[in-house]
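All of the numbers you see were taken from the coordinates with simple rules; none came from a lab. Everything quoted here is computed from the prediction, not taken from an experiment. We place every Cβ from the backbone using ideal geometry, glycine too, and count neighbours over all the protein chains shown.
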Amino acid sequence: EMGILQRELNRQRGHAPLRKLFGRIPTAVTRLKPCFLMSPLSVAQYLDVEFPPFDLVAFDEASQIPVWDAIGAIARGTRLIVVGDSRQLPPTNFFGKTDDEEVADENSVQDLQSILDECRAAQIPPLDLKWHYRSRHESLIAFSNRSYYDNALLTFPSGRKVITHVLV
């Protein structure tokens with residue numbers, strides 16, 4: 001596998017597509033890069049279903065990931081972590097095609113909007129967010145902390161220096 005990879009790296013043009021290359025060197029690629037950071041659609045695009053399963057698949061911002069995008073990535077792992085906030089906006093279908101003629105009857109099963117919704121519907125026990133560190137300005141998270149989290153979030157100061165003097 002390392003010989004295949006080395007030959008591919010030495011090529012000037014006509015490189016093999018990543019999906020094909022990864023399929024030919026599955027052991028080498030997972031040893032060289034044991035952690036992949038990919039969107040669910042990239043997983044489907046670049047990794048064949050025969051690629052060795054991952055130990056862990058993690059979704060961040062899961063309220064933004066439609067179920068149909070997540071399923072393929074979930075199937076490629078042995079464990080799953082889903083992180084999200086149901087108070088955030090659901091995935092948007094702004095650019096998607098709609099079919100006004102399709103009317104759901106009362107006996108049809110409807111997909112939930114996000115993988116986070118599916119996890120909640122499956123009654124997977126949630127863990128609540130306890131702290132927030134992202135905002136540069138406290139005021140950006142303060143409103144959400146008051147309005148949605150009952151002031152239960154611990155927030156950290158921004159990157160500005162908070163301590164001005166150190167006593168020795």
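Under a 5 Å amide H cut-off, with hydrogens placed 1.01 Å from N, L80 pairs with V57 among residues at least 5 apart or on other chains. Most tightly packed first, judged by the mean number of other beta-carbon atoms within 10 Å of their residues, the peptides 6-18, 118-130 read 118-130, 6-18. Converting phi to 3J(HN,Hα) with the Karplus coefficients 6.51, -1.76 and 1.60 and the offset θ = phi - 60°, the range 142-148 yields 4, 4, 5, 4, 5, 7, 10 Hz in sequence order, with x at every glycine or proline.
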